[in-house]
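Let me begin by presenting the structure, written as C-alpha cells, before commenting on it.
Taken together, the values in this text are just the output of simple stated rules run on the coordinates, not laboratory data. Please read these numbers as outputs of a predicted model, since none were measured by experiment. Glycine also receives a Cβ, built like all others from the backbone with ideal geometry; neighbour counts cover every protein chain displayed.
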Ligand code: SF4
C-alpha cells in the first residue's frame, strides 16, 4: 500500500513555508503563521469559546479549580499502564501494584473513598493487563506526535501505539464510568488526528483506532478510511480557523470582544473556570469533586474526563 497522502495534504513545515508554533505577526507576502493546537485545545473551543479563552489566552490565566477525583484516578491508571512496560517483570499483578504506588490522593470525599477507588483501580488494571501480551512491546508509549496540514499544526500524545499484523493501531485508555462505544471511536477527533499524525511520522497508512476501557476491559474500535481521516483533518482546520478569527477579534477589541461567548450546559457543572463565569454558575450546579465516581450522578462530558 502506498504511504503517500495526497488527499490528506499533511505537509511538512518546510513544505508549508512557515514557522512552527507561531502566532507571529504577519506582513504582506508572508505566509500565514501556523496555528498550533492539541486535540483538547480544539475541542475546548468547540465546547465553549469562553472556556478556551480562560484556558489558553487570558494572561495571567484565571486560577483553575482543584483537581477532581476522577482526574486523579485517570492519571494514576495512565501512569501505571505507562510504567508497566519498563518493568522487568510484566505481570498483571505488577500493574496493580503500580497503581497503588502511583496513586494520587486528590479530590476524593475522604480517605475511605480514596482507598476504595485505589483498590478498585488496581483490580481493574490487573484484569486489563491479563488481556495484554507482555512480550508484544508497543511501537510507542505516551508518544508525542504531530503533523502540519495547511496552516494548522496539531500536536498530541498517544497513550499507546501497537503494531498488529503489520499494521499500526492507535490505542487510547479510558477510565470513565461508562464504557465508550464503537461510535465514540469512530467520531473521536483526537483519535483521528493521532492516526493522521502516525501516518505522517511513520510514513505508513494508519486507519485503526481503539478506545480501551480499563474498568471493564472492553475495546471500542473503528477503522478509518483515507476519506474519513481527511474529513476529520478538515474539521480540525475549520475549528482552528474559527479560533484564529476569534483571537484576532480579541486582539483588536480586547475586553469589548464578543468572539468568546459562554456556551452554557451540563459542562458548566464540571468546568474548571466556573468561578470566573457568571453565566456558567447560573446554568448548572457545581458538581462535587468526586461526583464523576458516583453512580447517581450523570457522567461528565467526555471532553473534561481527564484534563
Ligand atoms: S462555566 Fe460554562 S459557560 Fe462558563 S466557561 Fe465554563 S463551560 Fe463555558
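With in a helix (DSSP H, G or I) and touching a strand residue (DSSP E or B) at 6+ places or on another chain (Cβ under 7 Å) as the only criterion, which of 233, 252 stands out?
Of 233, 252, the one residue that is in a helix (DSSP H, G or I) and touching a strand residue (DSSP E or B) at 6+ places or on another chain (Cβ under 7 Å) is 233.
Considering 81, 73, which residue is touching a strand residue (DSSP E or B) at 6+ places or on another chain (Cβ under 7 Å), touching a residue at least 60 places away in the same chain (Cβ under 8 Å) and surrounded by 16 or more Cβ atoms within 10 Å (Cβ to Cβ)? Step through it out loud before you land on a result.
On the way: 73 fails: touching a strand residue (DSSP E or B) at 6+ places or on another chain (Cβ under 7 Å).
Answer to the selection: 81.
Of the residues 260, 207, only one is over 15 Å from residue 149 (Cβ atoms) and within 16 Å of the ligand (Cβ to nearest atom); which?
Details: 207 fails: within 16 Å of the ligand (Cβ to nearest atom).
So the residue among 260, 207 that is over 15 Å from residue 149 (Cβ atoms) and within 16 Å of the ligand (Cβ to nearest atom) is 260.
Please work out which residue is surrounded by the fewest Cβ atoms within 10 Å (Cβ to Cβ), limiting yourself to region 263-282 and to residues that are more than 15 Å from residue 64 (Cβ to Cβ) and near the ligand (Cβ under 6 Å from one of its atoms).
Once the filter is applied, the top-ranked residue is 279.
Determine which member of the set 241, 186 is touching a strand residue (DSSP E or B) at 6+ places or on another chain (Cβ under 9 Å), loosely packed, with under 15 Cβ neighbours inside 10 Å and outside any loop (DSSP other than H, G, I, E, B). Give the steps one after another, and end with the answer.
Values: 186 fails: loosely packed, with under 15 Cβ neighbours inside 10 Å.
From the options 241, 186, the qualifying one is 241.
Considering each of 220, 243, 236 in turn, give the residue that is within 16 Å of the ligand (Cβ to nearest atom) and either touching a helix residue (DSSP H, G or I) at 6+ places or on another chain (Cβ under 9 Å) or more than 30 Å from residue 118 (Cβ to Cβ) (or both).
Values: 220 fails: within 16 Å of the ligand (Cβ to nearest atom); 236 fails: within 16 Å of the ligand (Cβ to nearest atom).
Answer to the selection: 243.
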